[in-house]
Amino acid sequence: MTGGRYKYLFAPLRVGPLVVRNRIVFSAHLTNYAAEGLPSEQHAEYYAARAAGGAGLIITEEHSTHRTDWPYEKLIHGFHRSVVPGYRRITEAVHAHGVPILAQLNHNGGQASSMYSRLPVWAPSPVPDPMFREVPKAIDTHEIAEVVAGYGTVAGHCAEGGFDGVELQCSHSSIVRGFLSPATNLRTDAYGGSLANRARILLEIIDAVREAIGPGRALGVRLCGDELIEGGTTIGEAVEVARMVEATGKVDYINTSIGVATSTLFMIEASMAIPPGYALFISNAIRQAVRLPVIGVGRIKDPVQAERALAEGHCDLVGVVRGQIADADFVAKARAGHATEIRTCLSCNQECVGRMGLNRWLGCIENPRTGRESVPLPPPGPRPKRVLVVGGGPAGLQAASTAAQRGHHVTLFERREHTGGQVALAASVPSRAEFLDVVRNLLAECQRYGVDVKTGAEVTADELRAEAPDAVVLATGAKPQAPYWAGGLDRVVDVRDVLEGRAAPEGEVVVIDDLGFHQATSVAELLADRGCRVRISTSGMVVGQDLGITLDMETFNVRAHAKGISQHTDEVVLGASEKDGRVALQVLTHTTGTTTELECDWVVCATHQAPEDELWQQLRDAPFPVHRAGDCLTPRRAHAAVIEGHRAGVAL
């Protein structure tokens, strides 16, 4: 489809005093780009790249409205007037591309800790959040007035900083959500009890903010349609609150959300296990109840899905966050009729949500430039080079694509009949098919930029030397290696042996999880689907512990329970032997110090691999530069392969 064939997506829309040129919103999300509480150049260039890429409306991450609100280190302290110069850098950078930009205002309330502020956490009632586990202080009436005034102050700073308006976060992590929710508002005064009372603080904030920004700027409210917690807000009350918001006559649009940013976070930033458009029922219900424009969200990852959401009447605008994190030119490519060139988001959550959870700045597994827009790349060399890339996994494909985009003549050799490397295996298991998009996207880029991709082509060191290239990039990956305790048993195999068809375990299978990620849990599901009785064993305290970082833990546990997969922690395998045609494992239990014998039919190991670096060893004295990228340097996850492939391509 060309841009003109999208009936709704590229239709302008008035939002209060603003006119947006299309319906795609780069909605608010955390970035961890702030420095000492101030917005940074990293912010400015990040948002400017999405404006240049055609977004209709940009809404920044949250700006704290009060000194008691400091739930994570790199939060923008909007209540300090020192933020204004940084605001101006952001708004000027975005306005240079003709795109309006709003600032999201928030106080996280009880969904926080006192670690950074060294002040009591404020909330409507002393209900501890399940993640932070800190009892908040129930704020007094005069403190409520202080919070309301804080919103007005920060709104004034935003107006002074050039923002076109503000959005009030009353959704997944907010003191306002805490007041709205019967699960966290246990008050008996004028701010508790009935829905009208629980919504009182929101209406007071709307009054204060509108007064601060005046009539010429837009004001939006983001509401949670279903908290997905016991006794929490559900869609019926959310619709009633939307009606109250519209009745003020001071709000220009309503944004939507689902879940609570701690206990049900996995439903806010859903992984690929959750279907696209899963939260559109919320915007649909609210849109039927109000006349204000409504923004719909819910893992909408391509322009066709966004167009469908609009065409089916679920919303007036569509929030696309991770799609534009992965590809800043998401909108421009769709408008130009090149939607197939979009680097489609994987919903893997590894470098966006996952890095945030580790207190790092936001990046993207697919886009090594995300978050680095403010860091210029060195210019290409004075002449194009002839570059040979060995390996068609994500590292090799990214190296080839980057080098070709920078003007080099690139040939890529992949010994298998198809590209993809271990990503192709990872995408072959239940609930992980979208992971293959990283290969599809990179291969398409290689083809667009003229890379000569040769599959079924294994090259030797002598052949590479005979080619006399200007440079070689090795991205040959990693190979399985048996753990020290395996004893050479045929029925102790690697995950890759199962996925590549060299082994077909049956009966009782023990899966050893030494990596704490998708390898063990995915093969466990695959084997359970094939009829095996599966037991996962890990030395960690949680099976697949890093699935918590990417918000896959909850959905895996649901599926594992349904498939009868048992999970066992604090176990270390010390040895394996054959016993009556079966495998006998000697297992040490950390918590008791005891060793027991565990019998099974097969053992499948998700354990550390070894670099496939034979070519590197043979080419160390080559007369041309040789670069390594990805697992052949040292085995890690796909994000490292993409980043190193990009570095190699830039370094040529």
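None of the figures in this text is laboratory data; all of them are computed from the coordinates on show. Just so it is clear, the structure is predicted and the values come from calculations on it, not from any experiment. Note that we place each Cβ from the backbone using ideal geometry, even for glycine, and neighbour counts take in every protein chain shown.
With the cut-off at under 18 Å, measuring from each backbone N in the stretch 262-294 to a point 7 Å along the Cα-to-Cβ line of Glu240 picks out 285-290. Ordering Ala576, Gly593, Gly501 by Cα displacement along the dipole of the stretch 492-608 toward the positive end leaves Gly501 in first place; charges were set at the Cβ atoms of Lys, Arg (+1) and Asp, Glu (-1).
What order do you get for Thr555, Thr538 when you list them from fewest to most C-beta neighbours inside 10 Å? Could the numbers behind the result be given before it?
Values: Thr555 18, Thr538 23.
Lowest to highest Cβ neighbour count: Thr555, Thr538.
Close amide H pairs (under 5 Å, H built 1.01 Å from N) link Val389 with Thr411, Leu412, Phe413, Val473, residues at least 5 positions away or on another chain.
Using a cutoff of 8 angstrom between alpha carbon atoms and counting only pairs six or more residues apart, the relative contact order for the stretch 1-128 works out to 25 percent. Using the Cβ-Cβ distance between Arg530 and Met131 with R0 = 41 Å, the FRET efficiency computed as 1/(1 + (r/R0)^6) comes to roughly 0.70. Amide H contacts of Leu228 (H built 1.01 Å from N, in plane; Pro and chain starts excluded): Gly259 sit under 5 Å, all sequence-distant by 5 or more or on other chains. In summary, the aspartates and glutamates within cross-link reach of Lys250, defined as a Cα separation below 14 angstrom excluding same-chain residues under 8 places away, comprise Glu167, Glu204, Asp207, Glu211.
Our summary gives the stretch 492-608 a relative contact order of 33 percent, counting only alpha carbon pairs under 8 angstrom and 6 or more residues apart. By other beta-carbon atoms within 10 Å, ranking Leu57, Leu265 with the fewest at the front produces Leu265, Leu57. As a proxy for reagent exposure, His418, His157 were ordered by neighbouring Cβ count within 10 angstrom, fewest first; the result is His418, His157. Model label sites at Thr455 and Glu92, defined 7 Å from Cα along the beta-carbon direction, differ in position by 5.0 nm.
Reported value for the chain: 164 Å³ per residue, from the convex hull of its C-alpha atoms.
Applying 1/(1 + (r/R0)^6) with r as the Cβ-Cβ distance of His142 and Arg291 and R0 = 35 angstrom yields a FRET efficiency of 0.45.
Phi angles of the stretch 420-425 translate, via the Karplus equation with coefficients 6.51, -1.76, 1.60 and θ = phi - 60°, into HN-Hα couplings of x, x, 6, 4, 4, 5 Hz per residue; Gly and Pro are given as x.
Based solely on its DSSP helices, what 222 nm [θ] is calculated for the chain when runs of n ≥ 4 H residues each add -39,500 (n - 2.57) and the sum is averaged over all residues, nearest 500 deg cm²/dmol? Don't jump to the answer; show the numbers that get you there.
On the way: 21 runs with 200 residues, N = 652.
After summing the helix terms and dividing by residue count, I get -9000 deg cm²/dmol.
Taking Lys and Arg as +1 and Asp and Glu as -1, the other residues whose beta-carbon sits under 9 Å from that of Ala49 total -1.
Per-residue Karplus couplings for the stretch 172-179, computed as 6.51 cos²θ - 1.76 cosθ + 1.60 with θ equal to phi - 60°, are listed in order as 6, 8, 7, 5, 5, 4, x, 5 Hz, Gly and Pro entered as x.
If you average over every viewing direction, what projected area does the convex hull of the Cα atoms of the stretch 3-357 give, in nm²?
Working: hull surface 61.0 nm².
That works out to 15.3 nm², a quarter of the Cα hull's surface.
From the Cα trace of the stretch 249-360, what convex hull volume per residue do you get, rounded to a whole Å³? Mind showing how you got there, number by number?
Working: hull volume 14.8 nm³, N = 112.
Measuring per residue, one finds 132 Å³ for the Cα hull of the stretch 249-360.
Taking other residues whose beta carbon is less than 14 angstrom from the beta carbon of Ala289, and scoring Lys, Arg as +1 and Asp, Glu as -1, yields -1. What percentages, rounded to whole numbers, describe P(r) for the stretch 492-608 computed over all alpha carbon pairs with 5 Å bin width beginning at zero? Using 5 Å bins, I get a P(r) of 2, 12, 23, 25, 21, 12, 4, 1, 0 for the stretch 492-608.
Here the Karplus relation 6.51 cos²θ - 1.76 cosθ + 1.60, evaluated at θ = phi - 60°, turns the backbone of the stretch 276-293 into coupling constants of x, x, 5, 9, 5, 4, 6, 4, 4, 5, 5, 4, 6, 9, 10, 9, 5, x Hz, with x for every Gly and Pro.
Looking at the chain only, what percent of DSSP beta bridges run antiparallel? Nearest 5 please.
Numbers: 20 of 83 bridges.
Roughly 25 percent of the DSSP beta bridges within the chain come out antiparallel.
State which entries of Lys333/Lys454; Lys454/Lys479; Lys385/Lys454; Lys7/Lys301 exceed 26 angstrom in Cα-Cα distance in the structure shown.
Lys333/Lys454
With both residues required to sit in the stretch 492-608, DSSP beta bridges show an antiparallel share near 45%.
Put a plus charge on the Cβ of each Lys and Arg, a minus charge on the Cβ of each Asp and Glu, and nothing anywhere else: the dipole of the stretch 492-608 about its Cα centre is then about 160 debye.
Peptides 455-467, 169-181, 474-486, ordered by how many other C-beta atoms sit within 10 Å of their residues on average, highest first, read 169-181, 474-486, 455-467. Quick one: grab the alpha carbon gyration tensor of the stretch 351-413, order the square roots of its eigenvalues as a ≥ b ≥ c, and give me rounded if a/c is under 1.5, else prolate or oblate depending on whether a/b is larger than b/c. Oblate is the answer for the stretch 351-413, as a/c is 1.5 or above yet b/c matches or exceeds a/b. For Asn255, the residues whose modelled amide H falls within less than 5 Å of its own, excluding neighbours fewer than 5 places apart on the same chain, are Val221, Arg222, Leu223, Ile295. Placing R0 at 35 angstrom, the Cβ-Cβ distance between Arg647 and Glu463 gives a FRET efficiency of 0.85 after rounding to 0.05. For the chain, the relative contact order works out to 11 percent when only alpha carbon pairs closer than 8 Å and six or more residues apart are counted. Take the Cα of Ala196, step 7 Å toward its Cβ, do the same at Asp570, and the gap between the two points is 5.5 nm. Let me check I've understood the local charge: for His157, count other residues with C-beta under 12 angstrom from its C-beta, Lys and Arg +1, Asp and Glu -1. What total comes out? Net local charge, His157 excluded: +1.
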